[in-house]
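The values are calculated or read from the model by the stated rules, or taken from the named source; none is laboratory data. From a predicted model like this one, the values you see are computed outputs, not experimental measurements. Heads up, the Cβs are rebuilt from the backbone with ideal geometry, glycines too, and the neighbour counts pull from every protein chain shown. To get the accessible areas, we keep the full protein, side chains included, count just its heavy atoms, and leave off ligands, DNA and RNA. Shrake-Rupley method; radii C 1.70, N 1.55, O 1.52, S 1.80 Å.
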Amino acid sequence: MKSTAISLAAAFCAVLPSFAEQSHLDPALPDYKAVSGVSGNLNSMGSDTLNNLMTLWAEGFKKAYPNVNIQIEGKGSSTAPPALIEGTAQIGPMSRPMKAEEIDAFEKKHGYKPTEVKLAIDALAVFAHKDNPLKGITMKQVDSIFSKTRKKGGDDISEWGQLGLDAWKGRPISLFGRNSASGTYGFFQEHALSKGDFKPTVKEQPGSSAVVQGIGADPYAIGYSGVGYKTSGVRALPVAGDDGTFYDANYDNALSGDYPLARFLLVYVNKKPGQPLDKLTLEFLKYVLTKEGQAIVEKDGYFPMPAEVAAEVVQSLEK
C-alpha cells in the first residue's frame, strides 16, 4: 500500500467520470435539506488546517439554523482529543488520525472509542517560493532536507546546489514547518520523514498560513502545508514516491493515491456504539457531506468527497 492516507482509491476511481470538467464536485452529492428541532451550542476544537473550512461550514450551517451557536478554535490537532475526552467540544477536527494513546485515553474515560469521520481530502503540499525553478522533489530528498535522522537513507541536503540548482549553489535552504501540536507536523513526520526527527533549523509556525507566508517572502525557502493554504507567492512542488514518477498535488493524484502525501481531513466525535449522534452534531456533519458542504471544500482549495463515500460516512453516523 502506498504511503498515503487515502485508502479508498477504488471507490473514488469508480465515480471519477461523473465529475464536471472544471469542478471536482460530484453531482450525485445530495442537496442539504434543513430539519426541525435543531438548536443549541456546537463547539469545535482542533486542527488549524481545518480552521477555515470549519468557519465556512459554520457560516453555511447557520443560514439554515440561525439560532445555533457555533464556536471554533483551531490551535492544532493535538488539542482535539483532550477536548472530546473532557466534553468541552462535540467536534474535534484533525489533519491526522488519532494516535493509539489518544484513543486509549478517550476509551478509558468513556468506555468506547471515538468515532472518526472523513470530511474532505487534502494533498499535503511541499511548497517553494513561486520563483523557485526546481522541477520536482523526491520523498527521499524531502527527508534529507527536513530530517536530521534521515531514515529514508539519503545524505544531508542543506543548500540548493545539492538539488541541481547550480545558479543557487551555496545558497542555504530555509526551512518552514508547523509546531508539534499540529496534525500536519505529525503527518509529515510520519510519512515524509519515516517518523524521524526534524532538523532544529526548521522554523516552526503556529499556523498553516504563517508557513506559506514565510515561504512566499523568502526565495530560498521550502516548507509544507495543506494545499488549501496555497497563495500566489508559492508553488507546490511535484513529488515523487517510490516509483520515481513525479506527481502534482492535485485532485486526481490524491484520489488515486499516486501523490504520496495525500490524506483525509477528519473530525472525531463522541458517538456511543449503536446510538446515533446527538441531533445538532449529526445535522452539522450531514450538511458538510452534502453538495453545499463539499462545494465549500472545493472553494477553500481542498478536494471534495465522492458521493458514494460521503453517503457511507453519513450512514455510519446514523446507526
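List of remarks:
- Unmet criterion (only one of (1) surrounded by fewer than 22 Cβ atoms within 10 Å (Cβ to Cβ); (2) modelled with pLDDT of 95 or more) for G274: (2)
- Cβ pairs under 6 Å, 6+ apart, first in region 263-291 and over 20 Å from Y112 (Cα atoms), second at pLDDT below 95 and part of a loop (DSSP other than H, G, I, E, B): R263/A5; F264/A5
- In region 164-172, the count of residues that are modelled with pLDDT of 95 or more, among the hydrophobic types (A, V, I, L, M, F, W, C) and within 19 Å of the chain's Cα centre (by Cα) is zero.
- The single residue among A83, A89, A58 that is modelled with pLDDT of 95 or more, surrounded by 24 or more Cβ atoms within 10 Å (Cβ to Cβ) and small (G, A, S) turns out to be A89.
- Of the criteria (1) under 15 Å from A240 (Cα atoms); (2) open to solvent by 60 Å² or more (accessible area, probe 1.4 Å), which one A123 fails: (2)
- Consider region 284-319 and keep the residues that are in contact with a Leu (Cβ under 8 Å, 6 or more places away or on another chain) and polar (S, T, N, Q). The one that is farthest from G40 (Cα to Cα) is Q294.
- Which numbered condition K33 fails, given (1) open to solvent by 60 Å² or more (accessible area, probe 1.4 Å); (2) over 20 Å from L289 (Cβ atoms): (2)
- Which numbered condition F284 misses (of (1) under 18 Å from the mean Cα position of the chain (by Cα); (2) under 23 Å from Q90 (Cβ atoms); (3) aromatic (F, W, Y)): (1)
- Selection status of D131, open to solvent by 30 Å² or more (accessible area, probe 1.4 Å), touching a residue at least 40 places away in the same chain (Cβ under 8 Å) and either closer than 16 Å to I173 by Cα or in a strand (DSSP E or B) (or both): yes
- Restricting attention to region 93-111, the residues that are surrounded by fewer than 13 Cβ atoms within 10 Å (Cβ to Cβ), of a type in the set (A, V, I, L, M) and farther than 20 Å from L265 by Cα total 0.
- Selected residue (only one of A295, A310 is within 30 Å of V38 (Cβ to Cβ), in a helix (DSSP H, G or I) and either open to solvent by 30 Å² or more (accessible area, probe 1.4 Å) or without any contact (Cβ under 8 Å) to a residue 12 or more places away in the chain (or both)): A295
- Of the criteria (1) over 21 Å from Y229 (Cα atoms); (2) under 23 Å from the mean Cα position of the chain (by Cα); (3) in contact (Cβ under 8 Å) with a residue 24 or more places away in the chain, which one P82 fails: (3)
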